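Asker: Here you go, one structure.
The values are calculated or read from the model by the stated rules, or taken from the named source; none is laboratory data. Bear in mind that the values here come from a model prediction, so they are computed numbers and not experimental data. Using ideal geometry, Cβ is built from the backbone for each residue, glycine included, and neighbour counts are taken over all protein chains shown.
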Amino acid sequence: MNAINSNANSAATVSQRDDVLAAVDALRRGGLIGLPTETVYGLGADASNPEAVARIFSAKRRPTNHPLIVHLHRKEQLTQWAHAVPAAAWRLAEAFWPGPLTLVLQRAPGVLDAVTGGLDTVALRVPAHPLALEVLAAFGGGIAAPSANRHKKISPTSARHVRQELGDAVDVVLDGGDCRVGIESTIVDLSTGTMRLLRPGAITTRDLEQTVAEPVDPAISPVIRSPGRMPLHYAPDASVVLASMEDVPAKIAEYTALGVRMGVLSEARASAWPDHIPWLPMGNTASEQAHQLYRRLREADEMGLAALIVVPPSDRGLGYALCDRLCRAAGLGALLA
């Protein structure tokens, strides 16, 4: 390594260390931080401080009866936040933590009602982002961190998105680059003795069933035990309209007749579409599509589009989670509803 690169890397390391210390200091003072994870950026606060947690709800304009996800540094902290942890939870934690999986378990005594939405359960995960883990290790406690955006709006996948959306409401925004996964974590409820999927994500139903060797219960709990269950969620300002590739020309003609500025989000662009209609490429693989989805929805707003016609991907594997997000962005509820 030459001297220039060595100095540059050393400076970057010092700068990042200073950022971590600033973030931890803000948490201990009851402040809010923008926390990068592999899924999306979180709006973090000390999960044991009721005033700090209240700031999350105020900044997001989020209903206070909605539970938050508490982020931990390591799986051994599970018993500090949950009790009667089933063997299936330990198997899933061993297999997928750090990673994009949230476990809903019976809450331990002392966990704040503000964190759980007043429920008898708590949502927990260990993120797989080195900067998040460094903050969690230095802080020592749990960090409540829903996505760092206004309620029902698009989750942020970069530090820039956090600053644009929440501005001065956040004391420290850590820049961990673009999120690797790009959509929120899979959420599994293990609080009732069965394994129930509450929100699909990068960890698929097949992954869960193969790890635990038991089926995922398809029944949906009437109680909202986790984030991401609203019929309208992850939504841009543009109206999201779902359509098949075959129906896109008709949708374009319909909105053109109404004088509506529109664009199309899809894997490929058909030659039949007018050249003046903006095309936002979705990507060719499910992982690319997850990585780009929220960025493309934000681009639609930046372009001033009033409507975005979206051709959903296949609903297999990770595509199932993408279709869930798109259904909610369109205000249609969810595949799991």
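Asker: Which members of the range 282-321 meet the condition of being among the aliphatic types (A, V, I, L, M) and closer than 21 Å to M262 by Cα?
Answerer: Of the residues in the range 282-321, the ones among the aliphatic types (A, V, I, L, M) are 282, 286, 290, 293, 297, 300, 303, 305-311, 318, 321.
Passing the criteria: M282, L293, L297, A300, M303, L305, A306, A307, L308, I309, V310, V311.
Asker: Looking for whichever is under 22 Å from the mean Cα position of the chain (by Cα) and surrounded by 17 or more Cβ atoms within 10 Å (Cβ to Cβ) here; the options are V122, V111. Which one fits?
Answerer: On the way: V111 fails: under 22 Å from the mean Cα position of the chain (by Cα).
V122 is the lone residue from the list that is under 22 Å from the mean Cα position of the chain (by Cα) and surrounded by 17 or more Cβ atoms within 10 Å (Cβ to Cβ).
Asker: Could you grab me the full set of residues in the range 279-308 that are among the hydroxyl-bearing types (S, T, Y) and either surrounded by 17 or more Cβ atoms within 10 Å (Cβ to Cβ) or in contact with a strand residue (DSSP E or B) (Cβ under 7 Å, 6 or more places away or on another chain) (or both)? Walk me through it before giving the result.
Answerer: At the first step, the residues of the range 279-308 found to be among the hydroxyl-bearing types (S, T, Y) are 285, 287, 294.
Result: Y294, single match.
Asker: Let me ask you something else. Just to be sure, is V311 touching a strand residue (DSSP E or B) at 6+ places or on another chain (Cβ under 9 Å) and within 26 Å of P100 (Cα to Cα)?
Answerer: On the way: touching a strand residue (DSSP E or B) at 6+ places or on another chain (Cβ under 9 Å): yes; within 26 Å of P100 (Cα to Cα): yes.
Spelling it out, V311 is indeed touching a strand residue (DSSP E or B) at 6+ places or on another chain (Cβ under 9 Å) and within 26 Å of P100 (Cα to Cα).
Asker: So which residues in the range 247-264 are within 12 Å of L305 (Cα to Cα), of a type outside the set (S, T, Y) and in contact with a strand residue (DSSP E or B) (Cβ under 6 Å, 6 or more places away or on another chain)?
Answerer: Looking only at the range 247-264, we keep the residues that are within 12 Å of L305 (Cα to Cα), and these are 255, 259-264.
So of that shortlist, the ones also of a type outside the set (S, T, Y) come out as 259-264.
V260, M262, G263, V264 - these are the residues of the range 247-264 that are within 12 Å of L305 (Cα to Cα), of a type outside the set (S, T, Y) and in contact with a strand residue (DSSP E or B) (Cβ under 6 Å, 6 or more places away or on another chain).
Asker: Given the conditions (1) in contact with a helix residue (DSSP H, G or I) (Cβ under 7 Å, 6 or more places away or on another chain); (2) over 21 Å from T39 (Cα atoms); (3) part of a helix (DSSP H, G or I), which single one is not true for K251?
Answerer: (1)
Asker: Oh, and also: Which residue out of G42, G34 is in the same structural domain as V173 (by TED's automatic domain parsing), of a type outside the set (A, V, I, L, M), over 15 Å from D168 (Cα atoms) and in contact with a Leu (Cβ under 9 Å, 6 or more places away or on another chain)?
Answerer: Details: G34 fails: over 15 Å from D168 (Cα atoms).
The unique qualifying residue is G42.
Asker: Out of all the residues in the range 266-287, which are among the charged types (D, E, K, R) and over 19 Å from C327 (Cα atoms)?
Answerer: So the first thing to find is which residues in the range 266-287 are among the charged types (D, E, K, R), and the list is 267, 269, 275.
Within the range 266-287, R269, D275 qualify.
Asker: From the list G319, G304, pick out the single residue that is part of a loop (DSSP other than H, G, I, E, B) and either out of contact with any His (no Cβ under 6 Å at 6 or more places or on another chain) or in contact (Cβ under 8 Å) with a residue 40 or more places away in the chain (or both). Break it down stepwise before answering.
Answerer: On the way: G319 fails: part of a loop (DSSP other than H, G, I, E, B).
The conditions single out G304.
Asker: Further question: Please determine whether any residue of the range 255-268 is touching a residue at least 40 places away in the same chain (Cβ under 8 Å) and among the aromatic types (F, W, Y). Break it down into steps so the answer makes sense when it comes.
Answerer: Here is the first cut: in the range 255-268, the residues touching a residue at least 40 places away in the same chain (Cβ under 8 Å) are 255, 260-267.
So of that shortlist, the ones also among the aromatic types (F, W, Y) come out as 255.
Yes; the residues of the range 255-268 include at least one that is touching a residue at least 40 places away in the same chain (Cβ under 8 Å) and among the aromatic types (F, W, Y).
Asker: Name every residue in the range 290-329 that is on the phi > 0 side of the Ramachandran plot and modelled with pLDDT of 95 or more, in order of residue number.
Answerer: At the first step, the residues of the range 290-329 found to be on the phi > 0 side of the Ramachandran plot are 304, 317.
Within the range 290-329, G304 is the sole residue that qualifies.
Asker: Okay, moving on. Tell me which of these M195 doesn't satisfy, since it passes every other one: (1) under 20 Å from Y41 (Cα atoms); (2) among the hydrophobic types (A, V, I, L, M, F, W, C); (3) touching an Asp or Glu at 6+ places or on another chain (Cβ under 7 Å).
Answerer: The one condition M195 does not meet is (1).
Asker: Do any residues in the range 47-75 that are at pLDDT below 95 have Cβ atoms under 9 Å from those of residues that are among the acidic types (D, E), where the two are at least six apart or on different chains, and which pairs are they?
Answerer: Nothing qualifies.
Asker: Only one residue in A54, A45, A26 is in contact with a helix residue (DSSP H, G or I) (Cβ under 9 Å, 6 or more places away or on another chain) and crowded, with 19+ Cβ neighbours inside 10 Å, so which one is that? Let's see the steps before the verdict.
Answerer: On the way: A54 fails: crowded, with 19+ Cβ neighbours inside 10 Å; A26 fails: in contact with a helix residue (DSSP H, G or I) (Cβ under 9 Å, 6 or more places away or on another chain).
One residue alone meets the criteria, A45.
Asker: Let me ask something else. Can you give me the ranges of the strands (runs of 3 or more DSSP E) entirely in the range 60-136 with at least 2 residues that are in contact with an Asp or Glu (Cβ under 9 Å, 6 or more places away or on another chain), among the aliphatic types (A, V, I, L, M) and in the same structural domain as G31 (by TED's automatic domain parsing)?
Answerer: Working: elements: 69-71, 101-106, 121-125.
Fully inside the range 60-136 and qualifying: 101-106.
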